[in-house]
Structures are given as C-alpha cells and as structure tokens.
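Report on the structure given below.
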Amino acid sequence: MVNGKEKLIVAIDTDNYEKAVNLIDSLEDSVEIYKVGLENYIASRGKTVDYLKSKGKKIFLDLKFHDIPNTMKSAVKAAIKDGVWMMTIHVSDMEGMRQCAQIAKEEAERLNIEKPLIIGVTVLTSLSNEDLSDIGCNIGTEEVAIKRAKLAKEAGLDGVVCSAREVDKIVEACGEDFMTVCPGIRPKNSESGDQKRVVTPSEAIRKGAKTIVVGRPITKAENASKAADEIVKEIESVM
C-alpha cells in the first residue's frame, strides 16, 4: 500500500515565520513534505527552510526561477546548498533549463548530497485560456502545458508542475517516471479561491499525479492535522 504522506505537499503560504513554525508543529505527525514559496521564503529570510530541516522534513522550494540562463543556473546552484528535496524553475528556453539540470547534478556531486529534483512550471493554475489569450498566446492551457512538459523532459528536468486536469496527458507524453506536481487541489465543498483549474485530491491521483500541493484547505482549517489526515486517507483510498 502506498503511503499517502509521500504524495501530499502542504504549502506554507504565510508571511509570518512564527505562524509557519506553529503550522509545522501542528502537522508534526500528519505531513512529511512542505512547500516554501516566495512569500514565506522572503518574509522569513529562509528561516522556515532551516526549521524544516531541523525537523527532518522534506522541502519543496518553490521560488520559480525565471531569468537569463546564467542567473537561473547560479540560483539553482545556491539553492542546492539548502539541502532541499525539490525546487522549481519556469519552463523557458532549452539552454537555460539544460544548464539548471546540469549544475544541479554537478553541485550535488561536489557537495556529496542527493541531487534535488528540478521541476519546471508549465502553466500556473490561476491562469485560464482567456488569460493566455490576453497575453497573445492563441492555444489553450492544456496544449501549452503538454508542450512545455515535453520541452522540460528534453532539457533534462526531473518533472513539471501542472494542473491535474492535464496531468494524465503529460504522463502519457513524458512517461511514468517523470515527476508531476499538481497544485490547485481542493477537497469537495472547499472554496476555489484564486485557483481556476481545480481538482479534488482523489481525482488528481487517479489521473496520474505523483504529488499534490494543498494549501488553504489544510492551513486555514480549524484543525489542520485532521484536514491533512483526511486528504491522506483520500489519497490512499484510490491507490
């Protein structure tokens, strides 16, 4: 039986370090993997990453590097020293992605640590087809995500962030070993918030998501640990 905790990532989306610590402590027995994004990383000056390491938790560093190849490569190299399990870059030019994949391998070998997974952001789950049209992209979110996933794999990345709505097609195009991380997950009867392409935990897993990212349905719940446990059980019920 698959351990549902290995597929659940909880997003620490707060600008307050003490609140982050309290959340992590409240989820001590329920969650093993945490996402630290831009808001918390900047607000805490990276202290949340240090706290998670002290607790022996897996860290998904979600800073979505997107710049010229040399800057992205340097950012990845610097982040590896944090001992994170996985980090994000945007799917962009092939050369930039190749350099990020290569430096991750080289730096991990130099430091004698396990190489973190480098995954590419395809299309943000807050974007709709209309949003893409507004910026001059005349194909839909699903087609863009699949195209970018193929580019990411060709460049040597370990996987992608994508909506669970297209994850099955990405798995079909890129293979079962390609990491798929799906945000925009909302249990039934929960609010969508600013997410436009939402899917339930069980639907995401059935469609082939390797991991799912859940934020507010857990972090804003009256009992965060209970909310996380229920999602873990839902994941395990379809495995």
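Where a number appears in this text, it was derived from the coordinates with a stated rule and is not lab data. Predicted model only: the values in this text are computed from it and were never measured. Note that each Cβ is placed from the backbone with ideal geometry, even for glycine, and that neighbours are counted across all protein chains shown.
List of remarks:
- Mean Cα-pair separation over length for the chain, i.e. relative contact order, pairs under 8 Å, 6 or more apart, %: 20 percent
- Between E95 and K53, the FRET efficiency estimated from the beta carbon spacing at R0 = 35 angstrom works out to 0.65.
- Span from the segment 106-135 Cα centroid across to the segment 157-179 one, whole angstrom: 12 Å
- Point-to-point label distance, E154-S26, nm (Cα→Cβ direction, 7 Å offset): 4.6 nm
- The label-point distance for D134 and K19, in a model that sets each label 7 Å from Cα toward Cβ, rounds to 2.6 nm.
- For K64, distant residues with modelled amide H under 5 Å away: T88
- Charged-residue dipole, Cβ positions (Lys, Arg, Asp, Glu), the chain about Cα centre, Debye nearest 20: 260 debye
- When DSSP beta bridges are restricted to pairs lying wholly in segment 4-237, around 0% turn out antiparallel.
- Flagged links, alpha-carbon separation over 22 Å, of K5/K169; K7/K55; K47/K77; K47/K188: K5/K169; K47/K188
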